[in-house]
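Each value in this text was obtained by applying a stated rule to the coordinates, not by laboratory testing. Model, not experiment: these values are computed from the prediction. Positions of Cβ are backbone-derived with ideal geometry, glycine not excepted, and every protein chain shown enters the neighbour counts.
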């Protein structure tokens, strides 16, 4: 069973940002911390330490989705990129994706382009998602993603 590395966590933190007060995300979901959505209430506040702990606790669930659904062998960068992707998009999108089909068929070279396709929220292409998907694609390929 693989686990996400510090680099994968850094990507998630960069693109999620850390909000210590609850807010509605781009599609109206109440969110707090690093993109945490479970049990969030209007007006809720947390500390930075609580945000870090929430992310750490939740990442085990997202690691499991990759460990359970992906049958192809993954290097650390590939695993990290996929955990970041599914953390943002959810397991149902992974389960039904061409990305997963291509990956499990051993077509690793097609995965970065499949990652990049998921750049919309509420039917709109969002610049932040374009950047995030590019960073995830670069990380999947083991390339520097920090400047994206």
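Angle between the Cα long axis of helix 48-69 and the longest principal axis of the chain, 0 to 90 degrees, nearest 10? Approximately 30 degrees, to the nearest ten.
When only alpha carbons are used to place a centre, region 105-142 and region 1-36 end up 17 Å from one another.
Consider the candidate values [x] 1.08; [y] 0.95; [z] 1.37; state which one is Rg/Rh (Cα atoms, Kirkwood Rh) computed from the structure displayed. For Rg/Rh (Cα atoms, Kirkwood Rh), the calculated option is [y]. The relative contact order of the chain comes to 21 percent, based on Cα pairs under 8 Å that sit 6 or more residues apart. Helix 76-89 and the longest principal axis of the Cα set of the chain meet at an angle near 50°. Converting the Cα gyration tensor eigenvalues of region 15-57 into ellipsoid dimensions via √(5λ) gives semi-axes, longest first, of 15, 11, 9 Å. Report the paramagnetic label zone for residue 3: residues of region 48-66 whose backbone N is under 14 Å from a point 7 Å from Cα along the Cα-to-Cβ axis. Residues 56-64 qualify, since their backbone N sits under 14 Å from the label point.
Relative to the longest principal axis of the Cα atoms of the chain, the long axis of helix 6-16 makes an angle of roughly 60 degrees.
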